[in-house]
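A.B. asks: Below: one structure in structure tokens.
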Amino acid sequence: MTPLKYATAIILIICLTIVLFTFINRGKLCELTIKSEQHEVAAKLACAAG
């Protein structure tokens, strides 16, 4: 497997994991933040109190 295909596969797996986690927890999820040394990804949803 070439390095480009390997990197693409890793990014695809990470994105699919985030999407699946979001769908599993969609009723309870109001904010998801992923931080690394150089990047930060935040997903915020409107949630009702209570």
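All of the numbers you see were taken from the coordinates with simple rules; none came from a lab. Fair warning: this is a prediction, and the values are worked out from it, not measured in the lab. Here the Cβ is made from the backbone with ideal geometry for all residues, glycine too, and neighbour counts use every protein chain on show.
A.B. asks: If the only charges are +1 at each Lys and Arg Cβ and -1 at each Asp and Glu Cβ, what is the size of the charge dipole of the chain around the Cα centre, to the nearest 20 debye?
C.D. replies: Working: 5 positive and 3 negative charges, 33 e Å.
In debye, rounded to 20, the chain gives about 160.
A.B. asks: If the chain between Ile11 and Ile24 were fully stretched, how many nm would it gain, using 0.36 nm times the residue separation less the Cα-Cα distance?
C.D. replies: 2.7 nm
A.B. asks: Relative to the compact-globule scaling 2.2 N^0.38 Å, provide the ratio for the alpha-carbon radius of gyration of the chain. Walk me through the numbers before you get to the answer.
C.D. replies: On the way: Rg = 14.3 Å, N = 50, 2.2 N^0.38 = 9.7 Å.
This ratio for the chain stands at 1.47.
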